[in-house]
Amino acid sequence: MNVFERYAPFIQDYIYRSGWQALRGVQNAAGSAIFGTEDNVLLTASTASGKTEAAFFPILTLLEEDPPASVGVLYIAPLKALINDQFGRLEELCEEAGISVTRWHGDAPQSRKRRLLRKPSGILQITPESLESLMINKHMEIPSLFGDLRFIVIDEIHSLLRGDRGLQTFCLIERMCRTAGCRPRRIGLSATIGNPEEAGRFLAAGSGGRTVIPAFEGGKEIWRLSMEHFFNTAPQADEGKQEVFETLRMEAPTDTAPRAADPGMGYIFEHTRGKKCLIFTNSREECEAVCQSLRQYCEANREPDRFLIHHGNLSASYRESAEEEMKDDASLLSVCATATLELGIDIGKLEKAFQIDAPFTVSGFLQRMGRTGRRGEPAEMWFVMREDHPEPRAMLPDMIPWYLIQGIALVQLYVEERFVEPPRTERLPYSLLYHQTMSTLASCGEMSPGELASRVLSLSCFHSISQEDYRVLLRHLLETDHISRTENGGLILGLTGERIVNNYKFYAVFQENIEYSVRSGPEELGTIVKPPPAGDKIAIAGRVWIVDEVDHKKREVYCTLVNGNIPAYFGDVAGDIHTRILERMRQVLKEQKCYPYLLRHAVCRLRDARETFAKAGMGDRPLVRLGGNMWALFPWIGSYGFLALERFLKIRCGKRLGLKGLNPSRPYYLQFTMQVSEEDFYRITGEEAEKDFDPLELVYPKENPVFEKYDEYLPEELVRKGFALGVLDVPGMKERVLGWKPHGPQKTRQPDIPDPQRGGSPPKI
């Protein structure tokens with residue numbers, strides 16, 4: 001098929017106007033799949049490869065040839081910022097053909113939404129939460145809105161593959177299609193899919209069709225990558241260690257920044273001057289702290305402020321101002337950001353991205369690096385790993401630079417294996433089951449228990465939930481007034497349930513904290529949790545403010561700008577680190593490989609860590625004696641397997657081991673004391689792992705392990721079951737324990753751990 005000739009004339013004209021010389025591989029492949037089949041399509045291609053155009057060129061061609069009688073394309077994206085970014089591109093593309101494009105999210109204009117409801121057509125862009133709201137509040141409009149829907153495009157689909165939000169999205173798609181009586185094709189777009197076949201099955205679930213994954217030559221990826229390490233105070237890891245590089249017969253790359261109070265921040269400050277960069281952090285709190293520090297460097301150097309900030313707790317005006325500033329190619333400002341700028345948004349020609357410490361996932365690393373390298377330039381990322389010097393009497397685990405090792409493991413896993421985290425499909429989503437039950441009743445009104453069960457349990461993501469479990473849930477919701485029974489025996493929302501569903505926060509299934517809106521005069525700055533009393537200070541929008549008043553009834557904080565530097569707090573965020581990352585970290589410490597992207601400090605810090613690893617015998621055994629009865633266990637297993645191991649050791653093995661004082665540093669190591677030998681530890685844990693015990697035994701007797709957002713409204717037995725069978729990775733934990741082998745007794749003294757501030761014999765290469 002000549003894909004270009006198959007395009008509609010207005011698409012061909014757009015390509016000519018854009019000065020394209022030829023279609024890219026992904027565009028030819030997508031065109032063949034969309035024009036040539038009736039299947040769902042999963043497009044996986046690197047960032048900035050033209051996936052959006054690859055999907056929409058053939059879709060819009062088909063819409064122009066046979067205009068639909070309703071909205072023709074539903075575009076679902078995980079972020080409002082991504083919708084706003086794509087809106088301008090799609091509107092320009094569709095203008096000539098007269099195809100309307102409508103945004104539908106909390107910050108979008110109401111007038112365009114009303115116009116769409118009056119005359120449904122064209123493309124509707126929406127987030128999962130706004131689609132949930134639409135299904136509840138505009139249920140009667142769904143058939144007219146989507147009765148002739150042809151395509152559902154799911155952008156950045158990888159971000160929806162490992163949690164309840166993705167399952168919610170596909171529940172909503174199935175419910176919407178049933179209500180509207182339509183059977184659209186699904187088109188998934190992503191730059192970072194680890195297991196395309198599994199993701200393809202996820203995409204097609206409940207659609208009645210299969211997924212085509214077009215193959216094409218994507219061209220060679222070129223990266224500019226560096227990774228440097230900084231202790232937060234002098235000396236640095238390479239001080240007095242020139243012999244390391246002489247022995248390695250290498251000239252370690254170096255990029256020295258001026259001495260600064262915080263060497264890592266000084267390094268970033270110097271290397272963003274006169275450039276447009278992104279500075280990624282792993283939390284909103286760290287994002288605020290980094291922006292405060294960099295702005296203080298500007299003040300100290302009498303330079304204009306050149307740092308912006310972008311994260312999910314900032315007001316829409318702050319976020320959109322940062323996005324618009326970054327789209328300006330003439331801008332030389334840098335943005336401190338979290339995952340809110342990780343996905344798909346075109347923010348112009350960036351010079352480079354910085355990553356402070358290691359992200360949790362390979363997918364996150366690839367997405368963040370993919371923000372750079374657009375418009376023909378290679379992608380460029382500079383890792384900046386920071387840590388305090390270990391205390392003089394620090395225990396062995398504190399001698400390992402975990403973030404540095406994790407960063408190397410993330411890079412190596414992708415370079416060597418093209419590994420990216422696969423979908424999480426083995427969970428029991430009881431929290432989402434509650435949510436979709438309440439949403440269905442809110443949308444449809446009264447229905448019999450059998451009808452409600454048939455509507456909800458038939459959704460593909462609930463295939464592993466039994467009818468008995470659902471009966472347990474419904475009985476509990478009746479008892480707690482979340483639902484109530486009518487005189488006819490039907491089910492409707494109860495008074496308690498109505499209060500929950502009628503709150504706008506019900507539309508989201510991800511965990512949220514109770515937030516207070518922060519204002520300074522007429523300006524809305526964003527939101528925080530746990531506001532301090534009047535007179536104290538808060539950090540938001542990269543600055544420090546003194547609290548003038550807290551209105552707990554309205555949940556509003558009024559403040560005034562002041563100078564200073566304090567930590568921010570926006571609520572807890574858990575990291576999900578895959579087992580393959582931990583296993584590769586172990587290999588990084590065990591192998592004597594040189595990585596070309598490591599700079600001078602990082603080379604020496606890694607060498608020290610490898611020496612510590614080798615002298616402690618960590619390469620041969622997971623259990624290391626720290627001295628006396630104190631031990632450290634390095635299981636090299638992912639977050640959910642690590643959680644299972646903690647509980648397994650306490651509950652199943654604790655008495656036999658004489659275990660006390662178990663102190664986890666998730667998911668890297670556990671420290672504890674025990675009364676048995678190393679050989680007995682391996683024997684006892686192995687015997688217990690071989691037993692066929694119920695995973696529910698790893699839940700403490702009176703524990704109600706609320707893990708997901710709506711777990712608090714579930715019967716306790718379902719919360720416990722969902723946690724034991726759906727969160728804890730018991731099979732992975734058992735496999736790891738059964739793989740441990742005794743290696744003979746260790747000496748009782750603590751291993752001779754090298755001081756990271758002193759030199760030592762270099763490893764042999």
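Three principal axis extents of segment 274-342 based on alpha-carbon atoms, in descending order, are 30, 27, 18 Å.
When the square roots of the Cα gyration tensor eigenvalues are ordered a ≥ b ≥ c, the ratio a/c for segment 1-154 is 1.5 or more and a/b exceeds b/c, which makes its shape prolate. Over the chain, Cα pairs under 8 Å with separation of 6+ residues give a relative contact order of 13 percent. Taking the centroid of alpha carbons for each part, segment 592-645 and segment 658-685 are 16 Å apart.
Which shape class, rounded, prolate or oblate, goes with segment 551-698 when its Cα gyration tensor gives a ≥ b ≥ c as root eigenvalues, a/c under 1.5 marks rounded, and past that a/b bigger than b/c marks prolate? It is oblate, given that a/c is not under 1.5 and a/b is not larger than b/c.
Length gain on complete extension for the stretch I546 to D694, per 0.36 nm per residue less the alpha carbon to alpha carbon distance?
My answer for the length gained is 48.0 nm.
Between F4 and R418, the modelled label-to-label distance comes to 2.7 nm, taking each label 7 Å out from Cα in the direction of the beta carbon. Positive-end ranking of N663, A632, A689 along the dipole of segment 629-702, with charges on Cβ about the Cα centre, is headed by N663. As a calculated quantity, the FRET efficiency between V676 and E717 at R0 = 41 Å, using C-beta atoms, amounts to about 0.70. For segment 99-212, place one equal point scatterer on every Cα, skip the solvent, and apply the Debye formula. What is log10 of I(q)/I(0) at q = 0.12, 0.15 Å⁻¹? Calculated log10 I(q)/I(0) at the listed q: -0.43, -0.67. Taking the Kirkwood radius as Rh and the Cα radius of gyration as Rg, segment 441-594 has a ratio of Rg/Rh equal to 1.17. A simple spin-label model places the labels of R683 and K593 3.8 nm from each other, with each point 7 Å out along Cα-to-Cβ. Assuming charge only on the beta carbon of Lys and Arg (+1) and of Asp and Glu (-1), the dipole of segment 392-479 about its Cα centre is about 100 debye to the nearest 20. When every Cα-Cα distance of segment 383-458 is counted in 10 angstrom steps from zero, the calculated P(r) takes the values 13, 23, 15, 16, 17, 13, 3 percent. Across segment 670-701, the residues whose backbone nitrogen lies under 15 Å from the label position 7 Å along the beta-carbon direction of D620 are 678-679. If you take the charge dipole of segment 60-171 about its Cα centre, with +1 on Lys and Arg Cβ and -1 on Asp and Glu Cβ, which of P68, G106, F170 is farthest toward its positive end? Farthest towards the positive end: G106. Counting only DSSP beta bridges with both residues in the chain, what percent are antiparallel, rounded to the nearest 5? In the chain, DSSP labels about 40 percent of beta bridges as antiparallel.
Using a Förster radius of 56 Å, what is the FRET efficiency between T37 and V529 based on their Cβ-Cβ separation? Nearest 0.05, please.
Result of the calculation: an efficiency of 0.70.
A dipole drawn for segment 1-107 from +1 and -1 charges on Cβ atoms has a positive end, and of A81, I59, L93 the residue lying farthest that way is A81. Just the Cα atoms of segment 656-699, one point each, no solvent: what log10 I(q)/I(0) does Debye give at q = 0.21, 0.22, 0.26, 0.29 Å⁻¹? Normalising to I(0) and taking log10 leaves -0.91, -0.97, -1.09, -1.07. These residues, H311, H271, go from largest to smallest accessible area, 1.4 Å probe, as H271, H311. With N as its number of residues, segment 617-670 has a Cα radius of gyration that, divided by 2.2 N^0.38 Å, comes to 1.10. For the chain, list the DSSP H helices whose alpha carbon atoms reach 20 Å or more along the long axis and whose average Kyte-Doolittle value is -0.5 or above? What comes out of the filter, once short or polar helices are dropped, is 51-65, 80-95, 164-180, 402-417, 430-444. Its Cα centre serving as origin, the chain has a Cβ charge dipole (Lys and Arg +1, Asp and Glu -1) of approximately 820 debye. Here the translational diffusion coefficient of the chain follows from Stokes-Einstein with Rh set to the Kirkwood radius across Cα pairs; for 10 °C and 1.306 mPa s it amounts to 56 µm²/s. Apply the a/c threshold of 1.5 to the C-alpha gyration tensor of segment 43-110 and tell me whether it is rounded, prolate or oblate. Here segment 43-110 falls in the oblate category. Charge dipole (Cα centre; +1 on Lys/Arg Cβ, -1 on Asp/Glu Cβ; no other charges) of segment 350-441 amounts to roughly 400 debye.
The values are calculated or read from the model by the stated rules, or taken from the named source; none is laboratory data. Source: prediction; values computed, not measured. All Cβ positions, even for glycine, are placed from backbone atoms using ideal geometry, and neighbour counts span all protein chains on display. SASA here: full protein model, heavy atoms, side chains in, ligands and nucleic acids out. Shrake-Rupley method; radii C 1.70, N 1.55, O 1.52, S 1.80 Å.
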